[in-house]
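A short write-up of the structure that comes next.
The values are calculated or read from the model by the stated rules, or taken from the named source; none is laboratory data. What you see is a predicted model; the values in this text were computed from it and never measured. Counting neighbours? That spans all protein chains shown, and the Cβs are built from the backbone with ideal geometry, glycine included. Areas reflect the complete protein model, heavy atoms only, side chains present, ligands, DNA and RNA absent. Shrake-Rupley method; radii C 1.70, N 1.55, O 1.52, S 1.80 Å.
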Amino acid sequence: MIFLAGCYVSKDPLRKEVKLLQKGIIKDDTSYIYALPYENNTSHLLIQGYFSRLSHKERAALDFKMKRGTKICAARDGVVIRAKEDGDRGGWNRKYRPYGNVIVIQHTDGTRAGYWHLQHNGALVNVGDTVRKGQLIALSGKTGYTFLPHLHFIVWTFNAKGEWQQVPTHFQTAKGIKYLRPLRRYRKPNQ
């Protein structure tokens, strides 16, 4: 068994807000409720959450542990604006970053969702395709800078200065609407 520890704390002000949202101390009734990015009636372990200590120190991103070839579904309606599937390598070294396969979907409110570490030739949609929430879009893999097969999911938008801004997301789970926390399994209900 491996234990990872660290004393690093993100200086991103969003980190504190996310922690309060996860604990239910503050409520957000205005943001979109996302579908979990995998098939109905399946569950996956969240191995890394928002601002986690391993590689998400400055990221409001989520990592779902998945076997290679697991079906990835759109978490929300939108249009595919990027699809890369030619990467054929992955590993725990920055030299593998360029090989990371990804699909990016833009939503009607201007936010974008990224689905990373997809299988080689695992994109099942193309740039310009309109996708619906729950639609099969890709197969998970282990491409790019990654320690193990998983899906890296992140949502962002652009602020008034044109800089990207991460968006913490909450999801419809079998146990209700939740901001996800690491080291817990989440089941996607029939939607």
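Restricting attention to segment 120-162, report how many residues are part of a strand (DSSP E or B), over 18 Å from D63 (Cβ atoms), open to solvent by 40 Å² or more (accessible area, probe 1.4 Å) and not polar (S, T, N, Q).
3
Can you find, within segment 57-75, the residue that is surrounded by the most Cβ atoms within 10 Å (Cβ to Cβ) among those that are charged (D, E, K, R) and either in contact with a Gly (Cβ under 6 Å, 6 or more places away or on another chain) or not in a loop (DSSP other than H, G, I, E, B) (or both)?
We begin by selecting, within segment 57-75, every residue charged (D, E, K, R); these are 57-59, 63, 65, 67-68, 71.
Restricting the remaining residues to those that are either in contact with a Gly (Cβ under 6 Å, 6 or more places away or on another chain) or not in a loop (DSSP other than H, G, I, E, B) (or both) gives 63, 65, 68, 71.
Working: D63: 27, K65: 16, R68: 17, K71: 16.
Among those residues, the one meeting the criterion is D63.
Can you tell me which residue in segment 103-115 is nearest to V79 (Cα to Cα), limited to those that are touching an Asp or Glu at 6+ places or on another chain (Cβ under 9 Å) and either among the hydroxyl-bearing types (S, T, Y) or part of a strand (DSSP E or B) (or both)?
Result: I105.
For K84, indicate whether it is more than 19 Å from I47 (Cβ to Cβ), of a type in the set (K, R), surrounded by 15 or more Cβ atoms within 10 Å (Cβ to Cβ) and in contact (Cβ under 8 Å) with a residue 12 or more places away in the chain.
yes
In segment 76-99, how many residues are within 30 Å of H170 (Cβ to Cβ) and part of a strand (DSSP E or B)?
Count: 8.
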